[in-house]
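Down below is the structure, laid out as structure tokens.
The values are calculated or read from the model by the stated rules, or taken from the named source; none is laboratory data. Everything quoted here is computed from the prediction, not taken from an experiment. Glycine gets a Cβ as well: all are built from the backbone with ideal geometry, and neighbour counts include every protein chain shown.
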């Protein structure tokens, strides 16, 4: 089920959708600059994913369970690996993405799951109407309907991510509540970058000639 390498030369990792929807700068640092760092949240996430990183195929009753299943979309240029794909008795694929933390809705995770569903549909020729996020801390699943809106968002974001990764400049930091939980906070330095940008804008306002009058700004 793996596509030829030349067909996926410019493929984007499915995880990039989750990163981009959370913060475009984080996505660029990870997928373009190959920068990564750990914090408590990423360490917990790594521990959770180690449980499903080894390829395995088995039956649980009438459901076939595949772990670490590679998948791709030639049409979208996406590649990735499923934590778990369950094949229901009628053959319908049901992707399950593992996340640390308690059960709660997160649009970034739902988007990643929708991208997995689109890949599986292309690979297997079967509709994937639903999937689930397994929240490890609460040991509970949250079922996600792969809606038309989620599918459209995947289609919209993929070319934006591809263009961003091909660009020469990193996106600006978001500098909001998302930053405090980001493992790349120290490397990104959002407050310093925003402060420098504001200082440059202030200097431009004070010292550059007025465009209309061609005269320096008054400093007295």
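Restricting attention to segment 100-134, report how many residues are in contact with a helix residue (DSSP H, G or I) (Cβ under 7 Å, 6 or more places away or on another chain) and part of a strand (DSSP E or B).
Residues in segment 100-134 being in contact with a helix residue (DSSP H, G or I) (Cβ under 7 Å, 6 or more places away or on another chain) and part of a strand (DSSP E or B): 2 in total.
Anything in segment 100-130 that is more than 17 Å from the chain's Cα centre (by Cα) and buried (at least 23 other Cβ atoms within 10 Å of the Cβ)? List them, or say none.
Result: 120, single match.
Is there a residue being surrounded by 10 or more Cβ atoms within 10 Å (Cβ to Cβ) and at pLDDT 75 or above anywhere in segment 185-201?
Scanning segment 185-201 turns up at least one residue that is surrounded by 10 or more Cβ atoms within 10 Å (Cβ to Cβ) and at pLDDT 75 or above.
Counting just the residues of segment 1-31 that are modelled with pLDDT under 85 and surrounded by 16 or more Cβ atoms within 10 Å (Cβ to Cβ), which one comes out nearest to the chain's Cα centre (by Cα)? First the steps, then the outcome.
Initial filter on segment 1-31 (modelled with pLDDT under 85): 1-10.
Applying the additional criterion that residues be surrounded by 16 or more Cβ atoms within 10 Å (Cβ to Cβ) yields 3, 8.
Details: 3: 22, 8: 18 Å.
The selected residue is 8.
If residue 95 passes every condition in (1) closer than 28 Å to residue 159 by Cα; (2) modelled with pLDDT under 95 but one, which one does it miss?
(2)
Is it fair to say residue 215 is exposed (fewer than 11 other Cβ atoms within 10 Å of the Cβ) and either farther than 30 Å from residue 89 by Cβ or modelled with pLDDT of 95 or more (or both)?
Yes, satisfied.
Which count do you get for residues in segment 135-166 that are at pLDDT below 95, in a loop (DSSP other than H, G, I, E, B) and surrounded by fewer than 18 Cβ atoms within 10 Å (Cβ to Cβ)?
Total meeting the criteria: 3.
Within segment 70-99, take every residue that is within 18 Å of the chain's Cα centre (by Cα) and not in a strand (DSSP E or B) and give me the one that is farthest from residue 12 (Cα to Cα).
It comes out as 83.
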